[in-house]
Amino acid sequence: MIVVLIALLLSFQTSPVTIQSVSSNLQKKFGYKKEQRFLLVNIEKQEMYLVKNDSVEKTYRISSSKSGIGNKQGSGKTPLGVHRIAEKFGKTAKPNTIFVGRKDTGKVATVIKDSIDTAEDHVTSRILWLTGLENGINKGKGIDSHSRYIYIHGTPEEGLIGTPASHGCIRMYNKDVIELFDLVSAGMLVVMEERVKNK
């Protein structure tokens, strides 16, 4: 009976994608060229890859939503699918600077290295604001990633990086999001996948 239940649970999991299959899809549908970079989020492993020529140039530990994956407005979940970086904020901000409404408050957050989930959900250091590109998946009424304010951003809760802990966004270590900010540009593609293999 237990074996049957495990088999049923596994059957409901999505099949992992490969970097090559993601790259091929981007080339066919979104005008991507292999010599360009894109970001690939692996929800299962809580990692994000900077990809070029079907190879991983950088791997970053991240934190996606503690509520799981989903696209509904108000769900607090991380959306799947193909996105684009719409805007970047914080180029000259000090590390750990707190942003409210994408504006630099001038305040600096205390970074927590322990696995503590605080009451605040501070956005720190840098912001990459994403817009969804797939109608019915992450674009459109009630499910629009841009309207949901889905960001890639720094967090004071660095002790939770590597585990699902966000309110829908992709959280990063502050030093990593500062580094990434300078490696990417507005317009770059960002793909959110539940499972990725052969990175």
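How large is the helix-only mean residue ellipticity at 222 nm for the chain, computed as the sum of -39500 (n - 2.57) over DSSP H runs with n ≥ 4, divided by its residue count, in deg cm²/dmol to the nearest 500? Mind showing how you got there, number by number?
Values: 3 runs with 33 residues, N = 199.
Helices in the chain give a 222 nm mean residue ellipticity of -5000 deg cm²/dmol.
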If the label point sits 7 Å along Cα→Cβ of Phe30, residues of segment 101-143 with amide N under 20 Å come out as 127-143
Dipole check, segment 53-199, charges on Cβ (K,R +1; D,E -1), about Cα centroid: among Ala93, Ile112, Trp129 the Cα furthest to the positive pole belongs to Trp129
Those chymotrypsin sites (Phe, Trp or Tyr not before Pro) from segment 33-106 that are DSSP loop and have at most 10 other Cβ neighbours within 10 Å turn out to be none
Filtering trypsin sites (Lys or Arg not before Pro) in segment 118-184 by DSSP loop and by at most 11 other Cβ atoms within 10 Å leaves Lys141
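Enumerate by residue number the GluC sites (Glu not before Pro) in segment 17-47 meeting two conditions: DSSP loop (anything except H, G, I, E, B), and at most 10 other Cβ atoms within 10 Å of the site's Cβ.
On the way: sites: Glu35, Glu44, Glu47; in loops: Glu35, Glu44.
Hits after loop and neighbour filter: Glu35.
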Taking 76-85, 183-192 and ranking on average Cβ neighbours within 10 Å, highest first, one gets 76-85, 183-192
One would report the antiparallel percent of DSSP beta bridges in segment 2-197, rounded to the nearest 5, as 75
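Only the coordinates and a few stated rules stand behind these numbers; no lab work does. Given the structure is predicted, the values throughout are model-derived calculations rather than measurements. Glycine also receives a Cβ, built like all others from the backbone with ideal geometry; neighbour counts cover every protein chain displayed.
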